[in-house]
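Data block below; observations after.
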Amino acid sequence: MEARFKSLSIFEFQELFPDDAACLAHLARMKWGNGFACRKCGHGRYCAAQKPFNRQCTSCHYTESPTAGTLFHKVKFPLVKAFWIIYYLSTSKKGMSSTELSRKLELRQKTCWGFKHKVMTAMRSSGKHPLEGVVEVDEAFVGGQEQARGRGNKKKRLVVFAIERKGRGVSRLYGKVIPRASSKHLGEFMDAVVDKRARVRTDGWTGYMPLKGRFKALVQEPCQPKGANFKEMHRIIMGFKGWLRGVHHQAVHLQAYIDEYCFRFNRSFMHEGAFQNLLDRMVASPPRPYNTILA
Ligand SMILES: [Zn+2]
């Protein structure tokens, strides 16, 4: 089987993953392809267990399934449908709402919503690939109804975005919900996603000023009328807001939606491997019970 599934067509996907057994076999290969180590005692030998694809440690006799310790843990519907959700979320241009997934896969909307949130957990940035080169940082209010001026906007939340410029466009994007645009919160976000050597551009906001100590190449440029000097940033923010309105209608779990949007955006230039990349992250992430998603 090809290792990375270059842009996988629906037809190829169906051939590779016709049923739960094929999905389990694939997860087992991903998990133990480089050798077995017991999750309980670390012992390296196993024998077959009762259920196919499960492995039993020959030292402590702990039995482990391919899904144990991953975000597939305790999925209560057919695994092949879970794979379909990951396929749709990683390969469709705009992602898919839980309502649409529910229609396509004949699952309850609530079931799709819950599993989709697990997938969104896996879409969160690893923080291992900070933005480099020319990077722009700006904040915007997101969510809630667009309201007439003076009516208050208590449902809107502040989000800081960072974009990596490439030529005339944008190669990568990260965002984070922050309580206010203080140097503390802006700095924490930038420490996590922006390379210290990056040539950072921001507007004249005082919150960025103290960050010049950490980001030596940070330059503040007063915003020109209509944001003429930050056009790409504004295009990105408009794009995100439009997507959020179109697909999700509300923004209760705003950070998870930002992570989902950035995941897809950051892979849209290298469409290959998005599905396997997301599967890798699902297997590498610890289980997430539903009650932690609802909290
Ligand atoms: Zn063991």
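The values are calculated or read from the model by the stated rules, or taken from the named source; none is laboratory data. Please read these numbers as outputs of a predicted model, since none were measured by experiment. Note: ideal-geometry Cβ built from the backbone for every residue, glycine included; neighbour counts use all protein chains shown.
For the reader, a short list of remarks on this structure follows.
- When each of A68, A122 is tested for being crowded, with 18+ Cβ neighbours inside 10 Å, modelled with pLDDT of 90 or more and either under 14 Å from the mean Cα position of the chain (by Cα) or of a type in the set (G, A, S) (or both), the lone residue that passes is A122.
- M96 vs. criteria under 24 Å from V119 (Cα atoms), aliphatic (A, V, I, L, M) and assigned to a helix (DSSP H, G or I): no
- Boolean, G175 is assigned to a loop (DSSP other than H, G, I, E, B) and under 16 Å from M233 (Cα atoms): no
- Exactly one residue among G133, G127, G95 is away from the ligand (no atom under 16 Å from the Cβ), crowded, with 18+ Cβ neighbours inside 10 Å, under 30 Å from G227 (Cβ atoms) and in contact (Cβ under 8 Å) with a residue 60 or more places away in the chain, and that residue is G95.
- Enumeration of residues in region 240-262 that are within 18 Å of F115 (Cβ to Cβ) and at pLDDT below 90: V247, H248, V252, H253
- Filtering region 183-201 to residues that are part of a strand (DSSP E or B) and among the β-branched types (V, I, T) leaves V194, V200.
- Pick from region 142-163, criterion modelled with pLDDT of 85 or more and among the charged types (D, E, K, R), ranking: nearest to the chain's Cα centre (by Cα): R157
- Looking only at region 210-227, residues that are assigned to a helix (DSSP H, G or I) and more than 17 Å from G169 (Cβ to Cβ) come to 6 in all.
- Exclusive hit being more than 16 Å from the ligand (Cβ to nearest atom), loosely packed, with under 15 Cβ neighbours inside 10 Å and touching a residue at least 60 places away in the same chain (Cβ under 8 Å), set P78, P18: P18
- Of all residues making up region 50-72, the number that are more than 12 Å from the ligand (Cβ to nearest atom) and under 24 Å from P289 (Cβ atoms): 11
- G204 being out of contact with any Phe, Trp or Tyr (no Cβ under 8 Å at 6 or more places or on another chain), of a type outside the set (D, E, K, R) and not in a helix (DSSP H, G or I): yes
- Among (1) touching a residue at least 60 places away in the same chain (Cβ under 8 Å); (2) under 19 Å from R124 (Cα atoms) - the single one V252 does not satisfy: (1)
- For K40, the criteria (1) under 23 Å from P289 (Cα atoms); (2) within 24 Å of the chain's Cα centre (by Cα) hold in every case but one, which is (2).
- Pair list, Cβ under 7 Å, 6 or more apart: region 27-43 residue in contact (Cβ under 8 Å) with a residue 40 or more places away in the chain, other residue assigned to a loop (DSSP other than H, G, I, E, B) and of a type outside the set (D, E, K, R): L27/P66; L27/T67; L27/F72; K31/P66
- Options S90, S125, S102; residue that is closer than 18 Å to A256 by Cα and not in a loop (DSSP other than H, G, I, E, B): S90
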